[in-house]
Number of protein chains: 2
Amino acid sequence: MKHFGRTIRDKREQLKLSDRAFSLRQVATRVGIEPAYLSKIERCEVKPPSEATIVQLAQELEIDKDVLLAMAGKVSSELQEVIRKRPQLFANLILQLKEAPDNAILQVVREVRDSNW
Amino acid sequence: MKHFGRTIRDKREQLKLSDRAFSLRQVATRVGIEPAYLSKIERCEVKPPSEATIVQLAQELEIDKDVLLAMAGKVSSELQEVIRKRPQLFANLILQLKEAPDNAILQVVREVRDSNW
DNA sequence: TTTCATGTGTAGTACATAGGCAACACTTCT
DNA sequence: AGAAGTGTTGCCTATGTACTACACATGAAA
């Protein structure tokens, strides 16, 4: 939401230092959008693109997909689908963890990973 | 997604049995939409309405908000915001719990509720 | 020096979203 | 019988989403 465009630009230019294939035009082409559009995205002249395009960008620029989506004010449809299948269960869980510190959540993740139901 | 409209209609007609104030027109008015629109919603002639309208309907018809949103293929912006603030943490957690049985998740919720971080 | 690639400005577009408005027929009070 | 309330039909629309297409100026490469 805040600096989606800058994040993209910074990462791309960083990658460009060691590989000329990371020009705006080439990245745009590989991602499947018009260079002019990517230019506007990077300069925040337009709102962040669609989920599909963001995922392509994340992959191309080696950025965490969910983090990039979050910067665009979105949540991946993959996660949404999990929630939608059991709404009250996940709604409770998430709201319960809303104020929890990071390490408490990490703890939960670990417990869950090691549990055998 | 499947029977959003039917759920609304069924619940409304059930409530209407003991209270005439639950006519389609009156409910629509209280919710803040046109009766004609609610009629179409209930008969699935149109796609489910916006999140704001769904929340109003849930409240008016005493249905769980998140469950109703899920039927409409949505996840509340409230939950999304929680996830967006710590994307990788919650993405991991949710995907970890994707296949977990209900009672395992309930267990986690209880543990979290009783824990003091 | 022509060629080529780079980033950018302007304009326009196809489609989806989220409804509103007017009018109709039918039932129910009074 | 008239008035009021009920659900429904058809048509219309404003706003947003997610881009594309074209043209241009600048810098590097041959």
Pairs of Lys in chain A closer than 24 Å at Cα, counting only those 8 or more apart or on different chains: 24
Rounded to whole Hz, the Karplus (6.51, -1.76, 1.60) HN-Hα couplings of the range B:69-85, x for glycine and proline: 4, 4, 4, 8, x, 10, 10, 4, 5, 4, 5, 4, 5, 4, 5, 5, 6
Candidates per GluC sites (Glu not before Pro) in the range A:8-48, loop by DSSP, up to 16 other Cβ within 10 Å: A:45
For B:97-109, mean number of other protein chain Cβ atoms within 10 Å: 5
Estimated FRET transfer efficiency (residue B:117, residue A:95; beta-carbon r; R0 22 Å; 0.05): 0.90
Alpha-carbon centroid distance for the pair the range A:10-56 / the range B:98-117, whole angstrom: 40
Mean residue ellipticity (222 nm) of chain B, computed from DSSP H runs ≥ 4 via -39,500 (n - 2.57), nearest 500: -20000 deg cm²/dmol
Position residue B:51, label points 7 Å along Cα→Cβ, spacing to each other copy in nm (shortest first, one decimal): 1.3
GluC sites (Glu not before Pro) restricted to the range B:50-112 and DSSP loop, no more than 11 other C-beta within 10 Å: B:62, B:99
Fluctuation leader among B:57, B:17, B:97 - chain B, Gaussian network, Cα springs under 10 angstrom: B:97
Segment residue A:20-residue A:81, length gained on full extension (0.36 nm per residue, minus Cα span): 18.1 nm
Within a Gaussian network of chain A (alpha carbon springs, distance under 10 Å), most fluctuating of A:11, A:98, A:85: A:98
Packing-based exposure ordering (other Cβ within 10 Å, fewest first) of B:109, A:108, A:46, A:67: A:46, A:67, B:109, A:108
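Taken together, the values in this text are just the output of simple stated rules run on the coordinates, not laboratory data. It should be emphasised that the depicted structure is a prediction, and the values quoted were computed from it without experimental measurement. Reconstructed Cβ throughout: ideal geometry from the backbone, glycine too, with neighbour counts over all protein chains shown.
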